[in-house]
Amino acid sequence: MGTGTGKTRIGVLASKKLIEEGSVKAIHIVVPTTNLIRAWIAEFIKWGSEEILTRVKINCIQTSYKVDHDLVLGPEGIPPDNTLLIVDEVQTSLSPQFRALYRFQ
């Protein structure tokens, strides 16, 4: 899908629905830049979903890989139960180094 087609809106609304119905307990959003962290937060607010931001973690790919690796994969290398992983601009994070984040997703 191209720029401006509503991909982030779909991610926000799907996140809200899945949290509210109990299908997932947490959302981890991985983005390539800090600007996109701010953009995702703004979209949650714009679409009336700010109340679930306490259950949403938004990190740059480097942080997810280096610092919050256990948040994405868990201490045993397996993703935590009921966590939704959303990867924005996934093509920017497909290097062999970062692919470990998606191994079990």
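Data overview
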quantity	calculated
Some residue of the range 2-15 being modelled with pLDDT of 85 or more and either exposed (fewer than 12 other Cβ atoms within 10 Å of the Cβ) or more than 14 Å from the chain's Cα centre (by Cα) (or both)	no
Residue, surrounded by the most Cβ atoms within 10 Å (Cβ to Cβ), within the range 24-43, restricted to residues that are among the charged types (D, E, K, R) and in a helix (DSSP H, G or I)	Glu43
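The values are calculated or read from the model by the stated rules, or taken from the named source; none is laboratory data. Because the structure is a prediction, the values reported are computed rather than measured. Positions of Cβ are generated from backbone atoms using ideal geometry, with glycine treated the same way; all protein chains shown enter the neighbour counts.
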